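Asks: Let me give you the structure first, and then I'll get to my questions.
The values are calculated or read from the model by the stated rules, or taken from the named source; none is laboratory data. Since the structure is predicted, the reported quantities are computational estimates derived from the model, not experimental observations. Note that each Cβ is placed from the backbone with ideal geometry, even for glycine, and that neighbours are counted across all protein chains shown. The protein model used for the area step is the full one, side chains on, heavy atoms only, and it has no ligands, DNA or RNA in it. Shrake-Rupley method; radii C 1.70, N 1.55, O 1.52, S 1.80 Å.
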Amino acid sequence: MGTVPANPFKIIQLAFKETVPKAHAELQKWHQEALKIDDVDIREQAAWTVNDKTFHCEGGSIFALLAGENKDNHIQFLVAYQTICDYLDTLCDKNDAHDPNDFRSIHQALLDCLTPDKPYGDYYQYRDHFEDNGYLRKLVDACREATATFPGFADMQTHMQEVSQFYIDFQVYKHVEEEKREPLLKDFYERNKHFAPTMRWYEFACGTASTLALYCMAAYAAAPVQTAQGQQIKEAYFPWVQGVHILLDYFIDQEEDRQENEMNFVAYYRDSKEMFERFKYIDEKATEKLQMLPDKKFHLLLKTGLYALYLSDKKVMSHPRLKAEAKQLIKLGGFPASLFYYNRWIFKRKIS
């Protein structure tokens, strides 16, 4: 499978040289596909989503370094799958009906990506006269085409489907009417708290809202030589590493969500002190779990890289309180996080 990089300098170098340019090429392809959609509103939403959410695919593409010679097919899968996630999130945000049946129906596409022998779902059955010229199906086909090249996909498939289902459930509960969201998410946690009994309901919600576990499993499935099992990866990334990931996402969106009266899970902490304590606890649990994986140094570096990726965001840099808190949070990642943090600015310049 080749040597998996285990130092931050090498990861940054390979990301610049190999994975990010490939992710950009795939994104450009999907942007062109989006522009072929006849309906003006759908076309604009699909094209905007590809342009606005590039960040997700850039960071996720680093998992391809686990896929050895099959990294291009892994990136094809990752970009198509993430484009579906971001596109559907946009469709949910723009839908005033808040119909959970509709949200489940369109998100069926994510499970169809992982079940290549199954017919397509009727994704838009709850949307009258909604026509995307096959855009969503093309994205599903790209994922299926990629997984067909993954030697370990059959062994990873069930675990990938499970974390995908958790993501879908979260998306449904997140987008229903505002007054229903918190009760549904609390019940969601109560039904699944055996996965993380020491998490709080809003922290568990964060642990389900990420795609990192899926992309990690996909990378190992894609590798010519199998070195990891789905259960191992799932227990490390879900919900702990994914919890770190999405808590950071909500951290940087605090001010924006406050202004728009949107649910923000970091806002549930009483104060900065409690937030730091809980971040530290979840980070420590994530570190403990990652120690059990093959290529553990790589995984630990990716986790610390999350701090740099999010905490260098302009939303943080332009807000005095968030900037001060970010300086405390970045310490959880130690030296590698600081290194990624300062190289993130180079990263932004290179890919812009």
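Asks: Within segment 112-133, which residues are open to solvent by 30 Å² or more (accessible area, probe 1.4 Å) and within 19 Å of E145 (Cα to Cα)?
Replies: P116, D117, K118, P119, Y120
Asks: Which one of these does L35 not meet: (1) modelled with pLDDT under 95; (2) open to solvent by 20 Å² or more (accessible area, probe 1.4 Å)?
Replies: Tallying (1) modelled with pLDDT under 95; (2) open to solvent by 20 Å² or more (accessible area, probe 1.4 Å), L35 fails exactly one: (1).
Asks: Now, a different point. Do we find a residue being of a type in the set (S, T, N, Q), open to solvent by 30 Å² or more (accessible area, probe 1.4 Å) and not in a helix (DSSP H, G or I) anywhere in segment 282-291?
Replies: Of segment 282-291, the ones of a type in the set (S, T, N, Q) are 287, 291.
With the extra rule that they be open to solvent by 30 Å² or more (accessible area, probe 1.4 Å), the set shrinks to 287, 291.
Filter again for not in a helix (DSSP H, G or I), leaving 291.
Looking through segment 282-291, at least one residue is of a type in the set (S, T, N, Q), open to solvent by 30 Å² or more (accessible area, probe 1.4 Å) and not in a helix (DSSP H, G or I).
Asks: Here's another thing I want to ask about it. Can you tell me which residues in segment 195-205 are in contact (Cβ under 8 Å) with a residue 24 or more places away in the chain, assigned to a helix (DSSP H, G or I) and open to solvent by 20 Å² or more (accessible area, probe 1.4 Å)?
Replies: Of everything in segment 195-205, just one residue is in contact (Cβ under 8 Å) with a residue 24 or more places away in the chain, assigned to a helix (DSSP H, G or I) and open to solvent by 20 Å² or more (accessible area, probe 1.4 Å), namely F195.
This table checks each residue for (1) in contact with a helix residue (DSSP H, G or I) (Cβ under 6 Å, 6 or more places away or on another chain); (2) part of a helix (DSSP H, G or I); (3) at pLDDT below 95.
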site: T149; (1), (2), (3): yes, no, no
site: H159; (1), (2), (3): yes, yes, no
site: F170; (1), (2), (3): yes, yes, no
site: K180; (1), (2), (3): no, yes, no
site: K193; (1), (2), (3): no, yes, no
site: G207; (1), (2), (3): yes, yes, no
site: T227; (1), (2), (3): no, no, yes
site: K234; (1), (2), (3): yes, yes, no
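Asks: Of R321, R278, which residue is within 30 Å of R181 (Cβ to Cβ) and either assigned to a loop (DSSP other than H, G, I, E, B) or at pLDDT below 95 (or both)?
Replies: Of R321, R278, the one residue that is within 30 Å of R181 (Cβ to Cβ) and either assigned to a loop (DSSP other than H, G, I, E, B) or at pLDDT below 95 (or both) is R321.
Asks: With Q82, Q45 as the choices, which residue is open to solvent by less than 30 Å² (accessible area, probe 1.4 Å) and either touching a residue at least 24 places away in the same chain (Cβ under 8 Å) or not in a helix (DSSP H, G or I) (or both)? Before the answer, list the steps.
Replies: Details: Q45 fails: open to solvent by less than 30 Å² (accessible area, probe 1.4 Å).
Result of the check over Q82, Q45: Q82.
Asks: Could you please give the count of residues in segment 286-328 that are of a type in the set (A, V, I, L, M, F, W, C) and touching a Lys or Arg at 6+ places or on another chain (Cβ under 9 Å)?
Replies: Going through segment 286-328, the residues of a type in the set (A, V, I, L, M, F, W, C) turn out to be 286, 290, 292-293, 298, 300-302, 306, 308-309, 311, 316-317, 322, 324, 326.
With the extra rule that they be touching a Lys or Arg at 6+ places or on another chain (Cβ under 9 Å), the set shrinks to 286, 290, 308-309, 311, 316-317, 322.
The qualifying residues number 8.
Asks: So, one more: Could you please let me know if P294 is surrounded by fewer than 18 Cβ atoms within 10 Å (Cβ to Cβ) and modelled with pLDDT of 90 or more?
Replies: Details: surrounded by fewer than 18 Cβ atoms within 10 Å (Cβ to Cβ): yes; modelled with pLDDT of 90 or more: yes.
Judged against the criteria, P294 is a match.
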